[in-house]
Amino acid sequence: MLADFIGTIFDYYGQPAAVMTIDTATHNAKWLNSANKVFEVSREFNAKIGRTLDRGKAERLIDDHVDPSVFYASVPMMITAWVVMGRMSGLLNGRDFSTPDADRFWRRYIKEMLIRSVLRDEARPLPSPPDWPTSR
């Protein structure tokens, strides 16, 4: 489920609409309001991710400190970093990250890194999130 969710977000960010999303974020998402369909879909995804993470916690696979909203937010943040900085990062490192092979690699690497970030590791527990203020 988590891998599918991350793959769906990657697919979305491969579309032209992703550029609008990234640009919107730089303008503090002024066009969003609580009546927008984005909020309804987001709540549904967050609930599904929460149920998946809870099952993993019950099976002692997922760290008890994983917060679904933090994981849900981390996925597009990480993918946006690749979309915005990936090719430039390759240039800075003397690598060509603009190839289809590079795209496939980074898709797999980021997906694996995100999944590993929530796995139980007694030696390195995740920090507990603060009490987030609510918005909108």
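The values are calculated or read from the model by the stated rules, or taken from the named source; none is laboratory data. Since the model is a prediction, treat every value here as computed from it, not as a measurement. Note: ideal-geometry Cβ built from the backbone for every residue, glycine included; neighbour counts use all protein chains shown.
Tabulated data
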{"quantity": "Some residue of the stretch 32-45 being surrounded by 13 or more Cβ atoms within 10 Å (Cβ to Cβ), modelled with pLDDT of 80 or more and of a type in the set (D, E, K, R)", "calculated": "no"}
{"quantity": "Meets criteria (under 23 Å from PRO127 (Cα atoms), surrounded by 11 or more Cβ atoms within 10 Å (Cβ to Cβ) and either among the aromatic types (Phe, Trp, Tyr) or at pLDDT 65 or above (or both)) for SER69", "calculated": "yes"}
{"quantity": "Residue list for the stretch 101-123, restricted to those being more than 22 Å from ALA81 (Cβ to Cβ) and modelled with pLDDT under 85", "calculated": "ASP121, GLU122, ALA123"}
{"quantity": "Tally, over the stretch 53-91, of residues that are in a helix (DSSP H, G or I) and either closer than 10 Å to VAL118 by Cβ or charged (D, E, K, R) (or both)", "calculated": "10"}
{"quantity": "Residue pairs meeting the criteria (Cβ under 8 Å; at least 6 apart or on separate chains; first under 23 Å from TYR12 (Cα atoms) and aromatic (Phe, Trp, Tyr), in the stretch 58-81; second in a helix (DSSP H, G or I) and at pLDDT 90 or above)", "calculated": "PHE71/ILE49; PHE71/LEU53; PHE71/LEU114; TYR72/ILE49"}
{"quantity": "Hey, ARG95 out of contact with any Phe, Trp or Tyr (no Cβ under 9 Å at 6 or more places or on another chain) and loosely packed, with under 12 Cβ neighbours inside 10 Å or not", "calculated": "no"}
